[in-house]
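Some notes on the structure that comes next.
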Amino acid sequence: MAAEVLTRAGWQVDLYDAMPSVGRKFLVAGKGGLNLTHSEPFTRFLARYGARHPYLEPLLRDFGPEQVRLWVHGLGIETFVGTSGRVFPVGMKTAPILRAWLERLHTSGVIFHFRHKWLGWNVDNSLRFDTLGGEISLQAEAVILALGGGSWPQTGSTGAWVPLLADRGVPIMPLKPSNCGFDVTWSEHFRTRFAGHPVKSVALSFTDSKGNDFHQQGEFIITETGLEGSLIYACSALLRDEIALGGPAVIRLDLAPGWTHARLFERLSRPRGSKSMASHLEKSVGIKGLKAGLLWEFLPKADFADPERLARAIKDLPIPLIAPRPLEEAISSAGGVAFEALDEHLMIRALPGVFCAGEMLDWEAPTGGYLMTACFATGRAAGLGALEWLGYS
Ligand SMILES: Cc1cc2nc3c(=O)[nH]c(=O)nc-3n(C[C@H](O)[C@H](O)[C@H](O)COP(=O)(O)OP(=O)(O)OC[C@H]3O[C@@H](n4cnc5c(N)ncnc54)[C@H](O)[C@@H]3O)c2cc1C
């Protein structure tokens, strides 16, 4: 995005990437359908960035959901709004967007240098790169760093830049997993039976020790080590921060959101005769399979004989989460270069002429297109900032 802004204004841009090609995480993001942005009202959209939204607001006002869609249309790819309000490219894929985008950048004169790993600065402030032919040094009039966070390091975003900037006195918040799964101590029986299975149509509630509330209906997946998926990602920041205080974080599941407690109680109180408890649960209130498995996993056996306690557990089943999954497995990273270290053009105050953009900045947001949109917006803002800087220097 920054390269586009600068070449349009007539500047020569050289783009360096440690990997043999660019946009690897962008491509990974398209695997399950590339969610570019979200169509909800702008104030709600902004709120998704939590405490950092005041820093991002001016950038997102300049280049927000509407501009992202127009920009993709400009690459010859139409977009559509899904039932959830999420915005996708027609065809759901990243590759056609990346191909058209790279072609446009090539045509406008951007020079790509692959397998060039940035190593920091020399004492004369030239940039150091590790290349196949050995280390090289380069001078630039302005530098834009868009090095990503620390998740999915196989795509190139290793977070190895953190000490390079920290050594120059740039304040950096530690990289942490965001939109991540969590560990739960499943029994061997439960894990073997249900790992890989989706838990659908449940409502998840969580209140952290500061009183922040989360409540949402949706779905997630049971994994070998715990759980993951869109409903878990949506509250992963709260859960992660709670566990960091000494955890666990206990989520509460409503396994039957369409039922009242009273109706469940009434049905469960009916005589079950010779039916097994599993059959009684299924026939009277439709709880079976994985949902029944969750009850057996967390509810004391004696409570199954008590319709009141059983109904309460179906509406409010506590599940303790003991640890977030490692950063490498997360969809995105929290933490990064602190906004306080940057001016309003995303230039590092301590390093005039050096700008930062994308996930390497200290913000986080849930899945839903918010990640990509803020990456585009900050990339463009850094490009505009560099343009202004070059005008003065
Ligand atoms: C599985 C998955 C699905 C996702 N789905 C979505 C989605 O649907 N919607 C959405 O909005 N977001 C999604 N995301 C998040 C989104 O992909 C990222 O937020 C976004 O790609 C970050 O962009 P970035 O340019 O800041 O960093 P990156 O895309 O990580 O790019 C950083 C680049 O910097 C290079 N680099 C790093 N260090 C160096 C160095 N020292 N020298 C040279 N080059 C270096 C890397 O090789 C890489 O090319 C998903 C992420 C994952 C992992």
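The values are calculated or read from the model by the stated rules, or taken from the named source; none is laboratory data. Everything numeric in this text was worked out from a predicted model, so none of it was measured. Methodologically, a virtual Cβ is constructed for each residue, glycine included, from the backbone with ideal geometry; neighbour enumeration extends over all protein chains shown. Note: accessible area is taken over every heavy atom of the protein model, side chains too, but ligands, DNA and RNA are not part of it. Shrake-Rupley method; radii C 1.70, N 1.55, O 1.52, S 1.80 Å.
Taking helices (runs of 4 or more DSSP H) as the structural unit, those lying wholly within the range 286-393 and holding at least 3 residues that are in contact (Cβ under 8 Å) with a residue 60 or more places away in the chain correspond to 289-298, 370-392. Take the residues of the range 155-175 that are touching a residue at least 60 places away in the same chain (Cβ under 8 Å) and not in a loop (DSSP other than H, G, I, E, B): which is nearest to the ligand (Cβ to nearest atom)? Residue satisfying both the conditions and the ranking: THR155.
Of ARG52, ARG69, all but one fail to be of a type in the set (D, E, K, R), under 18 Å from the mean Cα position of the chain (by Cα) and surrounded by 16 or more Cβ atoms within 10 Å (Cβ to Cβ); the exception is ARG52.
Among the β-branched types (Val, Ile, Thr) and more than 14 Å from the ligand (Cβ to nearest atom): does that describe VAL90? Criteria met by VAL90. For VAL184, the conditions (1) within 19 Å of ILE232 (Cα to Cα); (2) within 14 Å of the ligand (Cβ to nearest atom); (3) of a type in the set (A, V, I, L, M, F, W, C) are fulfilled apart from (2).
Among the residues of the range 188-220, write down those that are hydroxyl-bearing (Ser, Thr, Tyr) and on the phi < 0 side of the Ramachandran plot. Result: THR192, SER205, THR207, SER209.
Please go through the range 13-42 and give me each residue that is hydroxyl-bearing (Ser, Thr, Tyr), open to solvent by 20 Å² or more (accessible area, probe 1.4 Å) and near the ligand (Cβ under 9 Å from one of its atoms), ordered by number. Before you say what the answer is, go through the steps one by one.
To start, the set of residues in the range 13-42 that are hydroxyl-bearing (Ser, Thr, Tyr) comprises 16, 21, 37, 39.
Next, from what is left, pick out any that are open to solvent by 20 Å² or more (accessible area, probe 1.4 Å): 16, 21, 39.
Within the range 13-42, TYR16, SER21 qualify.
The listed residues are LEU231, LEU268, LEU255, and the only one of them that is within 18 Å of the chain's Cα centre (by Cα) and within 23 Å of GLU297 (Cα to Cα) turns out to be LEU231.
Restricting attention to the range 231-260, which residues are in a helix (DSSP H, G or I) and open to solvent by less than 60 Å² (accessible area, probe 1.4 Å)? It would help to see each step written out before you state the result.
Keep residues of the range 231-260 that are in a helix (DSSP H, G or I), which gives 231-234, 236-244.
Result: LEU231, ILE232, TYR233, ALA234, SER236, ALA237, LEU238, LEU239, ARG240, GLU242, ILE243.
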